[in-house]
Amino acid sequence: MDSQLAARACPSLRAHHQAFAWGSSSCASSFARSLSRSLRGKVRSAGVPARAEQPCGGSSSDSGSSSSGKSDPSPLHACLLRYGITNLAAFSAPKHLALSQEAVHSNVEPKLAALAAEGLSPKQMARILAAHDSALSCNHAKTFLPNLQLLQRIAAHADYRPHPKTPHLTAAGKLLADSAAGAARYLSRDPSKVQQLLQWLKGSLGVGLEQLAACNNLFNALMVSAAAADAVCLSLQQQQVSARQVAHMLLKQPTIFGYRPGVLSAQVALLQRHLDLDAAAALEVVIAHPRLLFGKLESSLPPLLRFLDGYMGEVGAGRRLVRALPSLGTSTAATVERSVGNLAAMGYSQQQIRGIIYKHPGLLSRDINSPLQRQKLDWIGRESPWTLDDFLSVPTYLLYSTCRLAARLALLRRCGLDPPSTPSCLALPSSVTFMAAVRKQLAKQGRELPWASWEEWEEAWLRTEEGREWGFPPLKD
């Protein structure tokens, strides 16, 4: 009975009390020492002097000699551990350890439960909560939950297929997992400001939830201030840019709608000068490729143009390449140099690489050593009847997804049809045109295509072992 009272008086003795009940003599001795210290503390609290104040868990020497002297985890740590989050370093600041049990129960645990319900792993949940302090501290019911519910409504419009390795990850969960920092900032934003933005998007640009689902960077779009977006929109419309074009720009690169109009005008002027364009042509380029306005154009574009001039061995080559494919202008000189180096490492000469670049400069923006591109190269080496040289002869072929190429080749093989001499028919035609061509070949043999549409075939193929291997992009760590 005395030991139970002492354990309640000092929580750190609970572990000792349990060990004593198990009958271990060493633990019993440790418990006795802790009990003695606890009782001495009670005597001191009654006004009896003591030699020195000792913490309730014992001295440092005692804690070093007994592994059972560890204190209970903080309420936050205990909650995180229950959800499988074991790396607690990012949640160990004094403000984290000071959170009460009630605060954790009412404001943290519901967030973890909501994220887990979207299929996020413990590591993914931890990244979101650690990415921005406000994601952990914001009010769950008034802020976090309304924003998550809006994200679910937007994600319902997305064309989403669960990856076979993460079948429980929802469409909203995929958005959250792919951008932890963006998700953290959005989930903790004032929902009233988000609603103001949505009203402005619908009223001024005709952009609703369905259009937002196709946005390249959804969280950045949802973080834009309605007032800032309105100012940028007004500035663009004064330059005869239509509402439809403004909507396109926002969905492609929403971050620029947080800039001041004067900053954007300066960026357009820089692009005009470095690419030797007139004002109308420069504006037309940024409408189609708004990513060019993002970042520090003055420090990135000139080095890129100089590198391309030098590598191609011709002054002005860089300017011509970027004008032919403006999206190349969003790359840095370091990225392009790395891409050239990757091609050289694969055995291609400078002359061959120059030819590849002239055919399709966009290949310079692709990192051949990225997991996504490595998957495509693996498919070419293991499954494709064509070589990498065949693909590089028309570099555009490499810009199509592995899923598209692999699923179309698999259909030809399933139907017993010989593949064509080049990858052209796999890469270029629309799904409707491709299926029509396959039906025509089968009809000549008196056969019919067993699948009514491309979507029906692709869905069946994705359930096969081959489809699971090549039909989904590699998972991020």
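The values are calculated or read from the model by the stated rules, or taken from the named source; none is laboratory data. Everything numeric here is computed off the predicted structure, so don't read it as measured data. Here the Cβ is made from the backbone with ideal geometry for all residues, glycine too, and neighbour counts use every protein chain on show. SASA here: full protein model, heavy atoms, side chains in, ligands and nucleic acids out. Shrake-Rupley method; radii C 1.70, N 1.55, O 1.52, S 1.80 Å.
Some notes on this structure:
- Within segment 378-400, being in a helix (DSSP H, G or I), touching a helix residue (DSSP H, G or I) at 6+ places or on another chain (Cβ under 9 Å) and under 19 Å from GLY467 (Cβ atoms) holds for ASP378, TRP379, ILE380, GLY381.
- Checking each residue in segment 192-215 for being farther than 16 Å from LEU151 by Cα, small (Gly, Ala, Ser) and part of a helix (DSSP H, G or I) picks out GLY203, SER204.
- Members of segment 322-331 that are open to solvent by 40 Å² or more (accessible area, probe 1.4 Å), over 22 Å from the mean Cα position of the chain (by Cα) and more than 12 Å from HIS360 (Cα to Cα): ARG323
- Of the numbered criteria (1) in a loop (DSSP other than H, G, I, E, B); (2) at pLDDT 95 or above; (3) open to solvent by 80 Å² or more (accessible area, probe 1.4 Å); (4) not aliphatic (A, V, I, L, M), the one GLU53 fails is (2).
- Looking only at residues in segment 189-209 that are polar (S, T, N, Q) and either without any contact (Cβ under 8 Å) to a residue 24 or more places away in the chain or touching a Ser or Thr at 6+ places or on another chain (Cβ under 7 Å) (or both), the one that is farthest from ALA243 (Cα to Cα) is SER192.
- Condition broken by ARG319, with the remaining ones in (1) more than 13 Å from PRO395 (Cβ to Cβ); (2) open to solvent by less than 20 Å² (accessible area, probe 1.4 Å); (3) in contact with a Leu (Cβ under 7 Å, 6 or more places away or on another chain); (4) not hydrophobic (A, V, I, L, M, F, W, C) satisfied: (2)
- Residues in segment 360-416 that are in contact with a Ser or Thr (Cβ under 9 Å, 6 or more places away or on another chain), touching a residue at least 60 places away in the same chain (Cβ under 8 Å) and not aliphatic (A, V, I, L, M): GLN375, TRP379.
- Output for segment 401-421, where each listed residue is in a loop (DSSP other than H, G, I, E, B) and over 35 Å from the mean Cα position of the chain (by Cα): CYS415, GLY416, LEU417, ASP418, PRO419, PRO420, SER421
- Residue pairs whose Cβ atoms lie under 6 Å apart, separated by 6 or more positions or on different chains, with the first residue in segment 169-188 and touching a residue at least 40 places away in the same chain (Cβ under 8 Å) and the second of a type in the set (D, E, K, R) and open to solvent by 10 Å² or more (accessible area, probe 1.4 Å), are THR170/GLU118; ALA172/GLU118; GLY173/GLU118; ALA180/ARG127.
- Checking each residue in segment 132-174 for being assigned to a helix (DSSP H, G or I) and open to solvent by 60 Å² or more (accessible area, probe 1.4 Å) picks out ASP133, SER137, ALA141, LYS142, GLN149, GLN152, ARG153, LYS174.
- Per-region count, segment 260-276, residues surrounded by 19 or more Cβ atoms within 10 Å (Cβ to Cβ) and assigned to a loop (DSSP other than H, G, I, E, B): 1
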